[in-house]
Amino acid sequence: MNKLKVLIVNQSLKKKWTLSTAIVIFISYAAICMLTYFALYSWLIQNEENNAIRSMDDLTSFFHSKYFISIEEFQGNTGLLKAIVNQDQTVRIFNYDGYEVLRINDVSPAAPIELSPEQLANAVILKDELDGEDVFIAHRIIQIGGFTGVMQLIHPLSTFQSMMQYVLTAMLIAGVGAMLLAGSISYYLANLLIKPLQDLRDSMISVRDKGFEEKINFSYQADDEIGDLLKIYRVMMEELQSSFLKQQQFVSDASHELRTPIQAIEGHLSLIKRWGKNDPQVLEESINTSLEEVSRIKKMIEELLDLARSEKRDEYASANIDKVLQSLIEEFKIIYSEASIDVDLVGNPINANITENALAQIVRNIVENGIRYNHKTPKIKINVQYLSEKIIMTIADNGIGIGKEHLPHIFDRFYRADASREHKGGGTGLGLSITKMLAEKYNVEIEVKSSEVDGTTFTLMLPL
Ligand code: ADP
């Protein structure tokens, strides 16, 4: 039993599906057939019995109504009696000594009478076998004129039996046909439904063995549960592939960008080792530059960690914009005392759907760039407009501006326009990538306009 179970479990899904559907259909069909067959059988056999009894009753009433006609007269003319009984029924009338005195039809042989007088007094009907054929045999005491005897009616069941046989054969043929049809339909369906699963398995194997080399495409396009599954898998794989590529790019960019300041520190340390010990100016310069590079590395590592940390979006986040801006202004006053930051709020204040931390970081990166990439006294103008469906915040600086050729790339990781590379205390090229990552997370749209004369304006559209 266990072996059979293991054997069934280990079959392909297609075989299990086809087999189980065929078995279920077969069992249901067999049950319905059996029920129908037995119901039909008992109804028809009852009908046959009723026919036999009816013929007996008709004959009895006929003999009673013709009580003045003697048995001898009936013997001479049985034509009328034949009209009362069915063609295939045979009626015999015996006297008490067992001699046959009258016969209507002669289809079946006579049956022995083995009944007691009490049983004969009432009409008795029995199912029996005569010459290998099933029959109903009915007996009754009968009075014809002055004669009293026993009437025997034999009702053959051959018509009934051949009819039942016909029904059984028809059921069997229909059953085998239905099973074959059900088997082929379920095989076709199993094929249709399992094919996409096989494709899915093949695609998984290909991803496991060759990575994301092959494009994932499925021929199954139906809009059902399996179609959904394939769609989810494809989207998931595309996301995985893109994050895998991003990660690869990130690792190579990060190691490249970290190598530059480390090489600079290495250079300065060898300079100190060779001449710096005796030359206080070289020593001072090299230590200062090395310290700057170290703080750049530190900043880069912090920003890299910020980017790598992919916290989940807080759907119910709410940020008080004025509060965030005021605390940022306090922060900037200490670091960039020369810069001036003006804030203008228009409309009824309402909170934005973003965490205060994320908003602060987005604005901090933009404002800091405006101050750093600036040859004049930095002036930052922040304008916040509270609209009914969103909040629009513009951050404008009077800085050096961004060249048209750089504008499409400023949100890329490690991207720095040439002009800013020469800037003292230059950045890491990660600030705006972090801004973009946070903005995407909280559905904040960002637009940038820049002119190398008037400076740069960032426009943020914040959801409510
Ligand atoms: P960084 O750490 O170098 O500032 P960001 O990602 O913040 O990195 O900015 C990318 C580049 O975009 C900067 O290096 C700079 O060239 C340019 N940039 C960004 N904001 C401004 C701005 N307000 N004015 C001029 N250039 C800017």
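The values are calculated or read from the model by the stated rules, or taken from the named source; none is laboratory data. This is a predicted model, so every value here is computed, not measured. Note that each Cβ is placed from the backbone with ideal geometry, even for glycine, and that neighbours are counted across all protein chains shown.
Listed conditions (1) of a type in the set (Gly, Ala, Ser); (2) more than 21 Å from residue 359 (Cβ to Cβ); (3) not in a helix (DSSP H, G or I) are all met by residue 286, apart from (3). Please go through segment 1-29 and give me each residue that is outside any helix (DSSP H, G or I) and either of a type in the set (Asp, Glu) or exposed (fewer than 12 other Cβ atoms within 10 Å of the Cβ) (or both), ordered by number. Selection gives 1, 10, 12.
Using the structure shown, decide if residue 32 is modelled with pLDDT of 90 or more, surrounded by fewer than 16 Cβ atoms within 10 Å (Cβ to Cβ), of a type in the set (Val, Ile, Thr) and part of a helix (DSSP H, G or I). Explain how you work it out, then say what you get.
Numbers: modelled with pLDDT of 90 or more: yes; surrounded by fewer than 16 Cβ atoms within 10 Å (Cβ to Cβ): yes; of a type in the set (Val, Ile, Thr): yes; part of a helix (DSSP H, G or I): yes.
Spelling it out, residue 32 is indeed modelled with pLDDT of 90 or more, surrounded by fewer than 16 Cβ atoms within 10 Å (Cβ to Cβ), of a type in the set (Val, Ile, Thr) and part of a helix (DSSP H, G or I).
Annotation note: Cβ proximity below 7 Å between a residue of segment 109-133 that is farther than 22 Å from residue 97 by Cα and a residue that is among the charged types (D, E, K, R) (sequence gap 6+ or interchain) occurs for 127/134. Within segment 259-282, the presence of a residue that is within 23 Å of residue 369 (Cα to Cα) and out of contact with any Asp or Glu (no Cβ under 9 Å at 6 or more places or on another chain) is excluded. Do the conditions hold for residue 75, that is, is it buried (at least 17 other Cβ atoms within 10 Å of the Cβ) and under 25 Å from residue 156 (Cβ atoms)? It is false that residue 75 is buried (at least 17 other Cβ atoms within 10 Å of the Cβ) and under 25 Å from residue 156 (Cβ atoms).
Note on segment 329-339: among residues that are touching a residue at least 12 places away in the same chain (Cβ under 8 Å) and in a helix (DSSP H, G or I), the one that is nearest to the ligand (Cβ to nearest atom) is 332. Within segment 86-121, the set of residues being touching a His at 6+ places or on another chain (Cβ under 9 Å) and under 22 Å from residue 145 (Cα atoms) comprises 90, 120.
Residue-wise test of (1) modelled with pLDDT of 95 or more; (2) away from the ligand (no atom under 11 Å from the Cβ).
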{"site": "435", "(1), (2)": "no, no"}
{"site": "441", "(1), (2)": "no, yes"}
{"site": "453", "(1), (2)": "no, yes"}
{"site": "456", "(1), (2)": "yes, no"}
{"site": "463", "(1), (2)": "no, yes"}
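All conditions but one from (1) closer than 22 Å to residue 437 by Cβ; (2) modelled with pLDDT of 90 or more; (3) crowded, with 19+ Cβ neighbours inside 10 Å apply to residue 364; the one that does not is (3).
Does residue 241 meet the test of being in a helix (DSSP H, G or I) and exposed (fewer than 14 other Cβ atoms within 10 Å of the Cβ)? Taking the combined requirement at face value, the residue does not satisfy it. Pairs meeting the criteria (first residue in segment 352-372 and part of a strand (DSSP E or B), second residue among the small types (Gly, Ala, Ser) and more than 10 Å from the ligand (Cβ to nearest atom), beta carbons under 8 Å, at least 6 apart or on different chains) are 352/318; 352/319.
Of all residues in segment 391-414, which are assigned to a strand (DSSP E or B) and either within 16 Å of the ligand (Cβ to nearest atom) or at positive phi (or both)? First the steps, then the outcome.
Initially, segment 391-414 is screened for residues assigned to a strand (DSSP E or B), giving 391-396.
Once the filter is applied, which keeps residues that are assigned to a strand (DSSP E or B) and either within 16 Å of the ligand (Cβ to nearest atom) or at positive phi (or both), segment 391-414 yields 393, 394, 395, 396.
Given the criterion modelled with pLDDT of 85 or more, surrounded by 10 or more Cβ atoms within 10 Å (Cβ to Cβ) and not in a helix (DSSP H, G or I), identify the matching residue among 53, 93, 45. Show your work before the answer.
Details: 53 fails: not in a helix (DSSP H, G or I); 45 fails: not in a helix (DSSP H, G or I).
The unique qualifying residue is 93.
The requirement of being at pLDDT below 85 and either surrounded by fewer than 13 Cβ atoms within 10 Å (Cβ to Cβ) or within 36 Å of the chain's Cα centre (by Cα) (or both) is not satisfied by residue 66.
Within segment 221-233, being surrounded by 12 or more Cβ atoms within 10 Å (Cβ to Cβ) and of a type outside the set (D, E, K, R) holds for 222, 226, 227, 229, 230, 233.
You will find that of 190, 178, 182, the residue that is surrounded by 11 or more Cβ atoms within 10 Å (Cβ to Cβ), more than 30 Å from residue 412 (Cα to Cα) and either within 24 Å of the chain's Cα centre (by Cα) or free of Cβ contacts under 8 Å to residues at least 60 places away in the same chain (or both) is 190 and no other.
To keep it simple, each residue is scored yes or no on (1) within 13 Å of the ligand (Cβ to nearest atom); (2) in contact with a helix residue (DSSP H, G or I) (Cβ under 9 Å, 6 or more places away or on another chain); (3) over 12 Å from residue 460 (Cβ atoms).
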{"site": "341", "(1), (2), (3)": "no, yes, yes"}
{"site": "347", "(1), (2), (3)": "no, no, yes"}
{"site": "359", "(1), (2), (3)": "no, yes, no"}
{"site": "371", "(1), (2), (3)": "yes, yes, yes"}
{"site": "378", "(1), (2), (3)": "yes, yes, yes"}
{"site": "381", "(1), (2), (3)": "yes, no, yes"}
{"site": "386", "(1), (2), (3)": "no, yes, yes"}
{"site": "389", "(1), (2), (3)": "no, no, yes"}
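When segment 301-353 is filtered for residues that are at pLDDT below 90, among the β-branched types (Val, Ile, Thr) and over 22 Å from residue 433 (Cβ atoms), only 334 remains.
Scanning segment 194-220 for residues that are without any contact (Cβ under 8 Å) to a residue 60 or more places away in the chain and surrounded by 14 or more Cβ atoms within 10 Å (Cβ to Cβ) gives 195, 196, 199, 200, 203, 206, 207, 212, 216, 218, 220.
Could you count how many residues in segment 155-175 are in contact (Cβ under 8 Å) with a residue 24 or more places away in the chain and over 15 Å from residue 48 (Cβ atoms)?
Keep residues of segment 155-175 that are in contact (Cβ under 8 Å) with a residue 24 or more places away in the chain, which gives 155-161, 163-164, 167-168, 171, 175.
Within this subset, residues satisfying the condition of being over 15 Å from residue 48 (Cβ atoms) are 168, 171, 175.
So the count comes out to 3.
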